[in-house]
Amino acid sequence: MVLLKYLLSSRKEYRKAKMFESRLAEKASIRGAVERHMESFAFNKGGMIRSVLDRLFCKVILDHLVVNNGLVLEPVEVKSKVDKIMVRWTRKWVVLTVVFELWAHQYAPLDHVRNDTFSGIMREIGLGKLFSVVGGLSNGKAAGLSGIPNELWKHGGDVVLDCLLELLNTCLVVGGVPTLWRRV
């Protein structure tokens with residue numbers, strides 16, 4: 001029995017490690033794609049903008065600019081001003097710090113709430129907890145979007161509950177839920 005518990009816990013830890021490794025690889029892949037797009041934008045702004053907008057090529061001719069109530073006519077200066085404006089528009093925005101400063105008092109820790117209040121909220125769900133929740137489901141209710149009635153969860157046996165438990169715990173580890181669940 002002890003060996004079985006050890007093997008099950010080792011299997012769970014292995015799955016968690018694989019999920020974590022997969023998430024790190026996905027983040028690295030996204031980061032690499034973003035860096036490639038930034039490099040592409042630096043060298044080919046027009047082409048990059050066209051590909052992102054997925055529109056037909058329309059040539060824009062800027063022969064003058066009005067800047068601070070002044071007129072810029074020199075082509076080199078027009079190009080320089082447009083480049084500076086584009087850099088400002090495409091820079092990384094620091095919105096979060098501004099928003100945080102405005103709302104910091106709303107999100108400040110409350111004295112009457114203990115620091116560990118939510119520490120167990122993302123803990124793995126145990127079979128006992130699942131049994132108690134499923135056991136408390138009402139009979140005779142209409143099935144949800146899944147089409148699975150409560151009676152199936154209650155009387156489906158260990159295989160059904162094991163699959164449900166694995167699905168729910170995977171959602172906790174991954175930090176997300178299947179897309180269809182979000183349509184409700």
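A short reminder: the numbers here are calculations on the coordinates, not readings from a lab. Keep in mind the model is a prediction, meaning the values are calculated, not measured.
Details
- Of the cross-linked pairs 27/59; 18/141; 12/154; 16/129, those separated by over 28 Å at the C-alpha level are 27/59; 18/141.
- For q = 0.22, 0.23 Å⁻¹, Debye-computed log10 I/I(0) when each Cα of the range 72-168 counts as one equal scatterer: -1.11, -1.18
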